[in-house]
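Presented below is the structure to which this report refers.
Coordinate-derived values only; no laboratory data. Please read all numbers here as calculations on a predicted model, not as lab measurements. Counting neighbours? That spans all protein chains shown, and the Cβs are built from the backbone with ideal geometry, glycine included.
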Amino acid sequence: LKYKVIYFTRTNTSKRIAGKIADRLSCEAIQITDNIDWKGIIGFIKAGYYSVTDKAVDIKVLGNLHPADEYVVVTPLWAGGIASATRAMLRTIPNDKVHLVVASGGGLLKNRSGYKSVSDITDRINEEFVIDNLARNLLNK
Ligand SMILES: Cc1cc2nc3c(=O)[nH]c(=O)nc-3n(C[C@H](O)[C@H](O)[C@H](O)COP(=O)(O)O)c2cc1C
């Protein structure tokens with residue numbers, strides 16, 4: 001199967017994870033950006049607000065999402081939900097082909113239905129374990 005890894009990041013955790021997964025799968029890691037400055041405490045508060053209210057953002061996809069059989073989408077958890085830019089991107093690809101990887105400070109994504117799989121990365125130790133498991137799973141197909 002041909003995989004593409006896609007990620008959005010605010011503080012580079014999802015970028016690091018996406019890079020490791022892409023290395024394991026020998027595929028590219030495509031970054032999603034948006035038009036918002038999420039930096040600092042103001043950015044943090046804004047991000048929480050955008051997530052909770054499902055406020056729309058304009059995204060840029062820095063690569064080609066096609067062709068791919070399945071996707072690995074790496075995203076930060078924002079207030080129990082998927083970060084706004086990732087959410088916007090997920091509306092453009094079939095979610096039943098998405099292995100979602102959610103980076104958080106320990107919380108779990110609330111709405112987990114509709115994806116091929118959902119993995120939670122909550123700390124550095126769990127990060128290695130989850131990446132290894134996911135990569136083995138995908139490479140065995
Ligand atoms: C607005 C906002 C809301 C967050 N909400 C949660 C949360 O509900 N639960 C949690 O465990 N972590 C939460 N976090 C922490 C991030 O999910 C975590 O730091 C993640 O690894 C950041 O990924 P990134 O470096 O790719 O941006 C939140 C972070 C931000 C900015």
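Counting other Cβ atoms within 10 Å of each Cβ, which chymotrypsin sites (Phe, Trp or Tyr not before Pro) in segment 64-141 have at most 10 and sit in a DSSP loop?
Values: sites: Tyr71, Trp78, Tyr115, Phe129; in loops: Tyr115.
Answer in residue order: no site qualifies.
Gain on full extension, evaluated as 0.36 nm per residue between Val52 and Ile125 minus their Cα-Cα distance, stands at 23.4 nm. Going from the residue with the fewest nearby Cβ atoms within 10 Å to the one with the most, Ser104, Ser119 rank Ser104, Ser119.
Per-residue Cβ neighbour counts within 10 Å put His99, His66 in the sequence His66, His99, beginning with the fewest.
Hydrodynamic analysis of segment 41-122 uses the Kirkwood radius over alpha carbon pairs. Inserted into Stokes-Einstein at 25 °C and 0.890 mPa s, it gives a translational diffusion coefficient of 185 µm²/s.
Could you pull out the trypsin sites (Lys or Arg not before Pro) across segment 102-134 that fall in loop regions by DSSP (anything but H, G, I, E, B) with no more than 10 other Cβ atoms inside 10 Å?
Working: sites: Lys110, Arg112, Lys116, Arg124; in loops: Lys110, Arg112, Lys116.
Filter output for segment 102-134: Lys110.
The ranking of Leu109, Leu139, Leu25 from fewest to most other beta carbons within 10 Å of each one's beta carbon is Leu139, Leu109, Leu25.
Which FRET efficiency value, to the nearest 0.05, do you get for Asn140 and Thr92 by plugging their Cβ-Cβ distance into 1/(1 + (r/R0)^6) with R0 = 30 Å? Kindly include the intermediate steps, with their values, before the conclusion.
Working: r = 28 Å, r/R0 = 0.93.
Efficiency, rounded to the nearest 0.05: 0.60.
Taking a temperature of 25 °C and a viscosity of 0.890 mPa s, what whole-number D in µm²/s does Stokes-Einstein yield for the chain with Rh from Kirkwood over alpha carbon pairs? Display every interim value, and only then the final one.
On the way: Rh = 15.0 Å.
Translational D for this selection: 164 µm²/s.
List the trypsin sites (Lys or Arg not before Pro) in segment 1-108 that DSSP assigns to loop (not H, G, I, E or B) and whose Cβ has at most 15 other Cβ atoms within 10 Å. Which are they?
Details: sites: Lys2, Lys4, Arg10, Lys15, Arg16, Lys20, Arg24, Lys39, Lys46, Lys55, Lys60, Arg87, Arg91, Lys97; in loops: Lys2, Arg10, Lys39, Lys55, Arg91.
Passing both the DSSP loop test and the Cβ count: Lys2, Lys39, Lys55, Arg91.
With a Förster radius of 22 Å applied to the C-beta separation of Ser117 and Ser26, the computed FRET efficiency comes to 0.65.
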